[in-house]
Amino acid sequence: MVAPIEAQQRAQALRISINEHNYAYYVLDDPIIPDVEYDRLFQELQDLERTYPDLIILESPTQRVGSQPLKALGEVKHSAPMLSLSNGFSKEALVDFDRRVRARLNADPISYVAEPKFDGLAVNLLYQEGVLVQGATRGDGFTGENVTHNIRTISTVPLWLRGDKIPALLEVRGEVYMPKAQFTRFNQEQAVKGNRTFINPRNAAAGSLRQLDPAITARRPLVLCCYGVGSIEPEEVLPIWHSETLIQLQQWGFPVSPNFKEVMGIEGCWEYCQQLLELRESLPYEIDGVVIKVNNLAQQRDLGVITRAPRWAIAYKFPAQEALTCLLDIEIQVGRTGVLTPVAKLSPIFVGGVMVSKATLHNEHEIQRKDIRVGDTVYVRRAGDVIPEVVKVILERRPTGSYPFKMPKQCPVCNAEVVKDTERAAARCSGGLYCPAQCKGRIKHFASRRAMDIQGLGEKLIDQLIQKALIKDVADLYQLRMDQLLILEGIGQKSATNLINAIEHSKDTTLPRFLYALGIREVGEATAQILAKEFGCLEALTAVSEEQLQQVNSIGPTIAAHIATFFRQPHNRQIIYRLQQAGVRWPEEQQHGSLFRALPLSGKTFVLTGSLESMTRNQAKAQLQHLGGKVNTSVSSKVDYLVVGAHPGSSLEKAEKLKIKLLDEAHFLRLLTSKV
Ligand code: IVH
């Protein structure tokens, strides 16, 4: 059925509108309308096209989801070759480059543009009369693969140009990449599905773009960023400067890096390189360096090209994040929760700017999946500050006689049986409190900077303290004496004094730190903060049920169970008691969450005076706090009750004056029992 004129007009209006919204969303990062509204427009266009299939045109935004799969990717001859760049690895290389440029142009200083060097896949996009007609990979620089069907599926690729001065012909050069976070997620999903995983975002982008079935590409999180023009007709449309070209590209609808910068002379370039290197980890995409380009396009033309690289540009390369090395051994580490983690011992290698000699292997399943064996030559990757990782094995270099890895059946530290935690694909030592490795891990965690912050208590020292039976748990730390420390290896008078002081100093802590330090499973810093805020004091937290815990925002059934189980264990309660006895203390949290307010005595303030027969003052305090009550040390008008034992102090007189309610021991006990 041929679409009536109104439907044709409406479809065109929708296409334009959706295109504008895509531009605002993907290029400007500044959406004009909410997602639901966008979805509504999209849906309307889809409906129209379904009713009148003749309305479907290739450049319709609905066609991004992918057309029919191809038998093979065709070839495309680039009208202007896609050049490569000469590389520089030092400041000297950049200085040399600048010297050559200045000499050839007879100009000084030179205006440059510095840009991130994206680590993806170079593409060439061809627009005729403003409409995308072809997308190609770089290939050998002269001939690439035709990936038009896949390019169309990338949301950031404009299907037609917006704005004015639209050239009759335009070839835009850019990089297709997969952002870091999306790469990690995508790889995890692939692993779960048992599909092939990719060693880095670059390979993932290349693999995704070179698919025969565009529906597959459409599901991959690919992004485009443009950095130049290959050819253009008429040439007069092009501005004078490269920096203006980038702005023009953006106005036509192309995503351009917001990080490009105009700089003067090579010193300016160098400063940019340093800044970008600092930013490298925080950028959402991978970069492998900086591209420096002569800004003036006429100067670029004068400088020209040697063999296959332009004289007007250079790539300053950052340290590589990947390297090959030999896997010497697989060691098993036992963490504080008993999880056995296999760690690769590597022949030391420089990667990601640092010397690496260990890499995580995650778990047995991962090792089997990647078939990693001792003696293998492995591909190691260290991106940013993440732990180095063995991403794959070079099978061709595997020595003969190697055998697959097997997780030990017994804990390598305490010999206890290893049990499989299928839910988390982990192997766990069942030694619990008896396993010195778990013990060491818990003490290390307790003393760590973000927990109790006991400075100077490092791994080696903890090892010795455990070996010499000076400590068994964290509470023992507060009983350590100078003479005990002095018998340890590598510790003198000064460091022993410092350690004793640091332990003393750590007693003054905060409730969130203390909760985090306890090392309850899955209670990290954020959860510890939430718990402290909700319950205000430790006593209230230890008294609540699993169900009550689950009512706290962001605390699910698993964490609630871990917390409740932890506080139910007599040995844990004992350790907490001993810690408090030793003087570990924290100010009460100021604000209480809704759950705490729901406790029977919340909002009520007590003071205790004199001695009680049935319990100590500390026990009475703890009981009151259990029920949500606040316990002050001195009487003021803010106090609701004074609990009066035998031989009361001056508080009694003061309370009588202020007409504060008095509770003798019998009334106090009745209050406690009635509220439980
Ligand atoms: S300009 C003639 N700018 O680096 C200059 N290239 O070896 C052509 N690349 O695969 C390239 N980011 O895809 C330029 N901001 C950037 C770039 C960039 C990444 C890639 C390019 C090509 C390689 C050049």
If a residue has to be within 16 Å of the ligand (Cβ to nearest atom) and either surrounded by fewer than 19 Cβ atoms within 10 Å (Cβ to Cβ) or closer than 18 Å to SER231 by Cβ (or both) to count, how many in region 146-167 make the cut? 1
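Considering only region 434-449, I want to know if a residue exists there that is touching a His at 6+ places or on another chain (Cβ under 8 Å) and either surrounded by 13 or more Cβ atoms within 10 Å (Cβ to Cβ) or at pLDDT below 90 (or both).
The initial filter retains those residues of region 434-449 that are touching a His at 6+ places or on another chain (Cβ under 8 Å), namely none.
No, that holds for no residue.
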Which of (1) in contact with a Phe, Trp or Tyr (Cβ under 7 Å, 6 or more places away or on another chain); (2) surrounded by fewer than 16 Cβ atoms within 10 Å (Cβ to Cβ) does LEU663 not meet, given it meets every other one? (2)
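Answer with yes or no whether THR153 is of a type in the set (S, T, N, Q) and touching a residue at least 40 places away in the same chain (Cβ under 8 Å). Spell out the reasoning first.
Working: of a type in the set (S, T, N, Q): yes; touching a residue at least 40 places away in the same chain (Cβ under 8 Å): yes.
In short, yes.
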Strands (runs of 3 or more DSSP E) contained in region 373-432 and holding at least 2 residues surrounded by fewer than 17 Cβ atoms within 10 Å (Cβ to Cβ): 418-421
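Are any of the residues in region 77-84 farther than 24 Å from LEU246 by Cα and part of a strand (DSSP E or B)?
Initially, region 77-84 is screened for residues farther than 24 Å from LEU246 by Cα, giving 77.
Subset that is part of a strand (DSSP E or B): 77.
The answer is yes, given that some residue of region 77-84 is farther than 24 Å from LEU246 by Cα and part of a strand (DSSP E or B).
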Specify which of the listed residues (LEU132, LEU126) is in a strand (DSSP E or B) and in contact (Cβ under 8 Å) with a residue 60 or more places away in the chain. LEU132
Name every residue in region 124-145 that is within 10 Å of the ligand (Cβ to nearest atom) and surrounded by fewer than 19 Cβ atoms within 10 Å (Cβ to Cβ), in order of residue number. GLY141
Enumeration of residues in region 263-304 that are among the β-branched types (Val, Ile, Thr) and within 19 Å of the chain's Cα centre (by Cα): ILE287
Check ASP108 against each of (1) assigned to a loop (DSSP other than H, G, I, E, B); (2) in contact with an Asp or Glu (Cβ under 8 Å, 6 or more places away or on another chain) and name the one condition it does not meet. (2)
Limited to region 274-285, what total is found for residues that are at pLDDT 95 or above and surrounded by 18 or more Cβ atoms within 10 Å (Cβ to Cβ)? 1
Residues (in contact (Cβ under 8 Å) with a residue 12 or more places away in the chain, assigned to a helix (DSSP H, G or I) and closer than 16 Å to GLN300 by Cα) located in region 239-260: HIS242, SER243, THR245, LEU246
Let me spell it out: the conditions are (1) in contact with a strand residue (DSSP E or B) (Cβ under 8 Å, 6 or more places away or on another chain); (2) more than 11 Å from the ligand (Cβ to nearest atom); (3) in a helix (DSSP H, G or I), and VAL263 meets all of them except one. Which number is the exception? (3)
Residue check for ASP476: charged (D, E, K, R), closer than 30 Å to ALA564 by Cβ and in a loop (DSSP other than H, G, I, E, B): no
Across region 289-303, the tally of residues that are part of a strand (DSSP E or B) and either surrounded by fewer than 19 Cβ atoms within 10 Å (Cβ to Cβ) or of a type in the set (A, V, I, L, M) (or both) stands at 4
Identify all residues within region 304-323 that are within 11 Å of the ligand (Cβ to nearest atom) and assigned to a loop (DSSP other than H, G, I, E, B); write none if there are none. ARG308, ARG311, TRP312
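Does THR307 fit the bill of being crowded, with 19+ Cβ neighbours inside 10 Å, modelled with pLDDT under 95 and polar (S, T, N, Q)? Can you show your working first?
Working: crowded, with 19+ Cβ neighbours inside 10 Å: no; modelled with pLDDT under 95: yes; polar (S, T, N, Q): yes.
Against the criterion (crowded, with 19+ Cβ neighbours inside 10 Å, modelled with pLDDT under 95 and polar (S, T, N, Q)), THR307 does not qualify.
Results for (1) over 30 Å from GLN548 (Cβ atoms); (2) in a helix (DSSP H, G or I); (3) at pLDDT 85 or above, shown as yes or no for each residue.
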{"residue": "LEU599", "(1), (2), (3)": "no, no, no"}
{"residue": "LEU608", "(1), (2), (3)": "no, no, yes"}
{"residue": "MET615", "(1), (2), (3)": "no, no, yes"}
{"residue": "ALA622", "(1), (2), (3)": "no, yes, no"}
{"residue": "SER636", "(1), (2), (3)": "yes, no, yes"}
{"residue": "LYS654", "(1), (2), (3)": "yes, yes, yes"}
{"residue": "LYS659", "(1), (2), (3)": "yes, no, yes"}
{"residue": "LEU662", "(1), (2), (3)": "yes, no, yes"}
{"residue": "LEU671", "(1), (2), (3)": "no, yes, no"}
Among the residues of region 168-196, what is the count of those that are touching a residue at least 60 places away in the same chain (Cβ under 8 Å), more than 16 Å from the ligand (Cβ to nearest atom) and of a type in the set (Ser, Thr, Tyr)? 0
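Go through region 205-225 and count every residue that is aliphatic (A, V, I, L, M), more than 16 Å from the ligand (Cβ to nearest atom) and under 21 Å from TYR26 (Cα atoms).
Within region 205-225, the first condition is being aliphatic (A, V, I, L, M), and the residues that meet it are 205-206, 209, 212, 215-216, 218, 222-224.
Those left that are additionally more than 16 Å from the ligand (Cβ to nearest atom): 212, 215-216, 218.
Retained after the next criterion (residues that are under 21 Å from TYR26 (Cα atoms)): 215-216, 218.
Here the count works out to 3.
Taking GLN438 as the residue in question, decide whether it is in contact (Cβ under 8 Å) with a residue 24 or more places away in the chain and farther than 30 Å from PRO319 by Cβ.
Values: in contact (Cβ under 8 Å) with a residue 24 or more places away in the chain: yes; farther than 30 Å from PRO319 by Cβ: yes.
For GLN438, the condition - in contact (Cβ under 8 Å) with a residue 24 or more places away in the chain and farther than 30 Å from PRO319 by Cβ - is met.
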Can you tell me which of ILE520, ILE503, ILE491 is outside any loop (DSSP other than H, G, I, E, B) and under 23 Å from CYS439 (Cβ atoms)? ILE503
Close pairs (9 angstrom Cβ cut-off, 6 or more residues apart or separate chains): under 16 Å from VAL343 (Cα atoms) in region 423-434, at pLDDT below 85 and surrounded by 12 or more Cβ atoms within 10 Å (Cβ to Cβ) anywhere: ALA427/ASP421; ARG428/ASP421
Being charged (D, E, K, R), at pLDDT below 95 and either within 24 Å of LEU73 (Cβ to Cβ) or in a strand (DSSP E or B) (or both) is the filter here; which residues of region 164-200 pass it? ARG196
Answer residue from region 68-107, given it is under 13 Å from ILE292 (Cβ atoms) and in contact with a Leu (Cβ under 7 Å, 6 or more places away or on another chain) and is nearest to the ligand (Cβ to nearest atom) among those: GLY88
So which residues in region 201-219 are crowded, with 20+ Cβ neighbours inside 10 Å and not in a helix (DSSP H, G or I)? GLN211
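Filter region 108-123 for residues that are closer than 21 Å to SER243 by Cβ and within 16 Å of the ligand (Cβ to nearest atom); which is surrounded by the fewest Cβ atoms within 10 Å (Cβ to Cβ)?
Within region 108-123, the subset closer than 21 Å to SER243 by Cβ is 108-118, 122.
Next, from what is left, pick out any that are within 16 Å of the ligand (Cβ to nearest atom): 112-118, 122.
Details: TYR112: 29, VAL113: 24, ALA114: 24, GLU115: 25, PRO116: 25, LYS117: 22, PHE118: 25, ALA122: 19.
Only one residue tops the list, namely ALA122.
The values are calculated or read from the model by the stated rules, or taken from the named source; none is laboratory data. From a predicted model like this one, the values you see are computed outputs, not experimental measurements. Heads up, the Cβs are rebuilt from the backbone with ideal geometry, glycines too, and the neighbour counts pull from every protein chain shown.
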